[in-house]
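Below you'll find the structure, written out as structure tokens, and then a few comments.
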Amino acid sequence: AQSVTQLDSHVSVSEGTPVLLRCNYSSSYSPSLFWYVQHPNKGLQLLLKYTSAATLVKGINGFEAEFKKSETSFHLTKPSAHMSDAAEYFCVVSLSGGYQKVTFGTGTKLQVIP
Amino acid sequence: DVKVTQSSRYLVKRTGEKVFLECVQDMDHENMFWYRQDPGLGLRLIYFSYDVKMKEKGDIPEGYSVSREKKERFSLILESASTNQTSMYLCASTPRGGGVFGYTFGSGTRLTVV
């Protein structure tokens, strides 16, 4: 069994300040972990993924995430928020190679204040 | 640069109508998926297909069927639309072993059933 918990449904930051979106997972096996971003009325776009290589993963648009097995976490960070980062972010856990064993978090809406 | 295309961005249908949602991908992916997205519930898997003419039920298949006659096309069918099927529908695809690669999503179809 596997699950993913996004700890905050809404996060608000000022432009230029750091972003932290939290994600905890549980999985019986070594998971693959992903972050997706969804802008209003758009599909989901892959930001970054962890697949058992380096624990610090860099993605697009300056985002990165660190896999911490001891804490079962995969938090998403960005040093400096931009207005265009305002969107909804989804953490996803998948069993490696298991296309049907994918679980989405319920999402975190990021608001960026000018 | 188009990868996964959903034929309609917005649809309005009447209760009882038969509704077809079409999805085409140009990446030669084996796996294709249909999700619905509702506020507070996140993404829920309706059906998926791992090969032509193959289909598997997801978490919420009731009231839906699918068709995959060609590798690139995966259709979602609402046999008799009901108001509780008003939602955002997202199509996605992955190559074989896709749990490692992550999904490529279409832009979504926002369906309203009146």
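With one equal scatterer per alpha carbon and no solvent term, the Debye-computed log10 I(q)/I(0) for the stretch A:19-114 at 0.17, 0.24 1/Å reads -0.71, -1.34.
For peptide A:26-34, the mean count of partner chain Cβ atoms within 10 Å of a residue's Cβ comes to 1.
The portion of the accessible surface of the stretch B:46-114 made up by carbon and sulfur, rounded to a whole percent, is 50 (1.4 Å probe; DNA, RNA and ligands excluded).
By the rule of a C-alpha distance below 19 Å, with chain neighbours fewer than 8 residues away ignored, the aspartates and glutamates paired with A:K58 are A:E66, A:D85, A:E88. Percent of C-alpha pairs per 10 Å bin in chain B, short distances first: 15, 50, 30, 5. Solvent exposure of A:T106, expressed as accessible area, is near 80 Å², computed with a probe of 1.4 Å over the protein chains only.
Taking loop as defined by DSSP and a crowding limit of 10 other beta carbons within 10 Å, which GluC sites (Glu not before Pro) in the stretch B:49-108 fit?
Here the sparse-neighbourhood loop sites are B:E62.
Which residue, B:R96, B:R68, B:R36, tops the fluctuation ranking in a GNM of chain B built on C-alpha contacts under 10 Å? Of B:R96, B:R68, B:R36, the most mobile in the Gaussian network model is B:R96. Per-residue shielding of B:101-109, expressed as the average number of other chain Cβ atoms within 10 Å of the residue Cβ, stands at 6. Under the combined filter of DSSP loop state and at most 16 neighbouring Cβ atoms within 10 Å, the stretch A:24-93 retains these GluC sites (Glu not before Pro): A:E71. Partner lysines whose Cα lies under 21 Å from the Cα of B:K57, excluding those fewer than 8 positions away in the same chain, are identified as A:K101, B:K18, B:K70, B:K71.
In the protein assembly as shown, the C-alpha radius of gyration followed by the widest Cα-Cα span (Dmax) gives 17.5, 51 angstrom. The mean count of C-beta atoms from other chains within 10 Å of the C-beta of residues in B:38-47, rounded to a whole number, is 3. Taking the centroid of alpha carbons for each part, the stretch B:1-43 and the stretch B:56-114 are 5 Å apart.
The values are calculated or read from the model by the stated rules, or taken from the named source; none is laboratory data. None of the values given here were measured: they were computed from a predicted structure. Here Cβ is always computed from backbone atoms with ideal geometry, including for glycine, and neighbour counts include all displayed protein chains. The area values use the complete protein model at the heavy-atom level, side chains included, leaving out ligands, DNA and RNA. Shrake-Rupley method; radii C 1.70, N 1.55, O 1.52, S 1.80 Å.
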